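None of the figures in this text is laboratory data; all of them are computed from the coordinates on show. Note that the coordinates shown come from a computational prediction; the quantities given were computed from them, not determined experimentally. Don't worry about glycine lacking a Cβ; one is built from the backbone with ideal geometry, like all the others, and counts go over all protein chains shown.
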Amino acid sequence: MKRSQAMKSPTWRTAVALLLIIVIAGSIRPTPAAAQDQETDLDRRVRAFLDSRSRGWRDMNVPAVDGQKIYDIIVEHEYTRAVEIGTSTGHSGIWIAWALSKTGGKLITIEIDERRHREATAAFEEAGLSEYIDARLANAHELVPQLEGPFDFVFSDADKDWYTRYFEWMLPKLEVGGCFTAHNVRNSSSRYGGRGRGGQSGTGAFVQALLATEGLDTTFFTSGGGLSISYKLPPGIF
Ligand SMILES: C[S@@+](CC[C@H](N)C(=O)[O-])C[C@H]1O[C@@H](n2cnc3c(N)ncnc32)[C@H](O)[C@@H]1O
């Protein structure tokens with residue numbers, strides 16, 4: 001066979017195509033976004049910790065579905081400065097801090113009860129998330145007004161009668177585009193948010209305040225314990 005004929009043969013073309021595929025595949029590097037999606041050692045450690053505790057949260061902690069929802073909000077919006085009011089033994093704090101480990105952020109979480117604060121601190125350590133959390137043993141009635149903003153994410157889950165005040169204190173410190181969330185809250189026509197309909201005291205008034213506040217885009221996530229989710233809108237678009 002002549003040389004020019006050999007170059008056109010199917011075998012030769014297949015060999016060249018294979019070689020090209022190998023060269024191109026070898027030069028492809030994962031994009032930063034794809035790299036972020038890969039499971040890290042920390043992810044494995046947090047998951048293992050959450051799995052080991054899945055039936056062991058007994059101090060009014062959020063259900064996992066709400067933890068996952070909060071995690072998704074923080075990661076999606078790339079929030080980095082978070083405040084939690086009501087740490088308890090740390091379940092929601094772990095979800096928040098885990099999300100902040102992705103965005104490079106930090107959480108301030110506040111708990112008044114010493115035993116719960118101690119247990120939460122141990123849980124954060126065990127989950128490998130301590131460096132993302134500033135856990136304060138304090139009365140939120142005193143500490144929240146003193147916190148220096150700005151913040152971009154708030155999770156309110158302490159004494160329900162104080163929800164409206166926590167909201168009023170934190171809203172001016174929340175960045176535009178930031179998110180204020182509160183637990184055990186449903187919209188005003190349902191059990192938890194309603195006035196005089198057996199809802200938890202305090203949350204009905206809070207929902208009224210939330211819905212009456214201009215410049216917020218509020219929705220309610222009801223798959224778990226009830227979560228209000230309010231984004232602060234830029235001035236001029238409401
Ligand atoms: C519903 S639990 C929080 C659950 C927690 N977010 C979780 O999912 O793991 C409410 C917590 O708020 C705390 N708390 C109540 N009043 C408080 C206050 N004034 N200051 C700080 N913490 C308070 C309670 O001691 C309790 O541990």
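General remarks:
- The H on the amide N of ALA135, modeled in the peptide plane, is under 5 Å from the matching H of THR109, each at least 5 residues off or on a different chain.
- Sequence-ordered 3J(HN,Hα) estimates for the range 101-115 from the Karplus curve with 6.51, -1.76 and 1.60 and θ = phi - 60° stand at 5, 7, 9, x, x, 9, 10, 9, 10, 10, 9, 8, 8, 5, 4 Hz, glycine and proline given as x.
- With neighbours defined as other Cβ atoms within 10 Å of a residue's Cβ, the residues THR89, THR121, THR40, THR213 order from fewest to most as THR40, THR213, THR121, THR89.
- About its Cα centre, the range 39-232 has a charge dipole of approximately 660 debye under the convention of +1 per Lys or Arg Cβ and -1 per Asp or Glu Cβ, with nothing else charged.
- For the range 219-225, backbone phi angles converted through the Karplus equation (6.51, -1.76, 1.60; θ = phi - 60°) give residue-by-residue couplings of 10, 10, 9, 10, 6, x, x Hz, Gly and Pro being listed as x.
- Cβ-defined net charge surrounding GLU131, 12 Å radius [Lys, Arg +1; Asp, Glu -1]: -1
- For PHE151, distant residues with modelled amide H under 5 Å away: LEU174, GLU175
- Taking the number of Cβ atoms within 10 Å of each Cβ as an exposure proxy, the fewest-first ranking of GLU168, GLU111 is GLU168, GLU111.
- Residue exposure proxy: SER101, SER130, ordered by other Cβ atoms within 10 angstrom of their Cβ from fewest to most, comes out as SER130, SER101.
- Histogram of C-alpha separations across the range 39-232, 5 Å bin width, %: 1, 8, 18, 21, 22, 16, 9, 3, 1, 0
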